[in-house]
Amino acid sequence: MSAKERRLLRARKRAVPGLNLVSLMDIFTILVFFLLVNSSDIQQPPSQLLTLPEAHVDTPVSNSLILHINSQGISIQGRKIAQAADLENDAQALIQPLFDELTYQQQRHPLVEGERTLTIMGDRAIPYKLLKKIMSTATEAGYEAISMVVISQAVKDGQ
C-alpha cells in the first residue's frame, strides 16, 4: 500500500457518518399533513355564518358528529353536503345526500359502545320544516341521540 492509500484509509476511518435530515423532514411533513387531515373529528367552533339560539345549558356537548346548517347549506365536519335552497323546496321527507353522508360516517367510525350521537349547529333563522327533515333523515340513518348546540347564557339567581 502506498502512503497516499494509507492516508485515504485513515481519513475514511476517522470520518463521522452524517445524519440525512432531508428524509427526516419529509417524514415529519407527511406526518403533519396526515394529522391535519384526520383531525376533523374534533369539535369545531361555530362559523361566522351561524347565529346560534340562546338557552340555559346544564351539561356540555359530548364528542359527536357535528352537522352545520346555515343559509348557504348543510355541511358535516366541514364537508358541504347540500344547498339549503334546494332542500326547502324538495317535497321528500328524506334528504338523500345527507343520508348518504351519515351512512358513510357510520362506516368510517364504527360504533364501539353506546349510541350514535349527532350534534346540530343550526342558525336560528333555519325554518322548522328543514330542521324536521334533517332530524328525520338522521334518525333513518341510525343516529339515536340528536342534540342542538345553543349559546349558553348565565343563569340568574332565582331562575
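Observations, loosely collected:
- Restricting the stretch 107-140 to residues that are of a type outside the set (D, E, K, R), assigned to a loop (DSSP other than H, G, I, E, B) and within 18 Å of the chain's Cα centre (by Cα), the residue that is modelled with the highest pLDDT is 109.
- Scanning the stretch 58-77 turns up at least one residue that is among the hydrophobic types (A, V, I, L, M, F, W, C) and modelled with pLDDT under 70.
- Residue 39 being in contact with a strand residue (DSSP E or B) (Cβ under 6 Å, 6 or more places away or on another chain), among the polar types (S, T, N, Q), modelled with pLDDT under 80 and closer than 28 Å to residue 99 by Cβ: no
- Residue in the stretch 81-94 that is in contact with a Gly (Cβ under 6 Å, 6 or more places away or on another chain) and at pLDDT 80 or above present: yes
- Failed criterion for residue 106 (all others in (1) in contact (Cβ under 8 Å) with a residue 12 or more places away in the chain; (2) closer than 22 Å to residue 38 by Cβ; (3) surrounded by 18 or more Cβ atoms within 10 Å (Cβ to Cβ) hold): (3)
The values are calculated or read from the model by the stated rules, or taken from the named source; none is laboratory data. Just so it is clear, the structure is predicted and the values come from calculations on it, not from any experiment. Note that we place each Cβ from the backbone using ideal geometry, even for glycine, and neighbour counts take in every protein chain shown.
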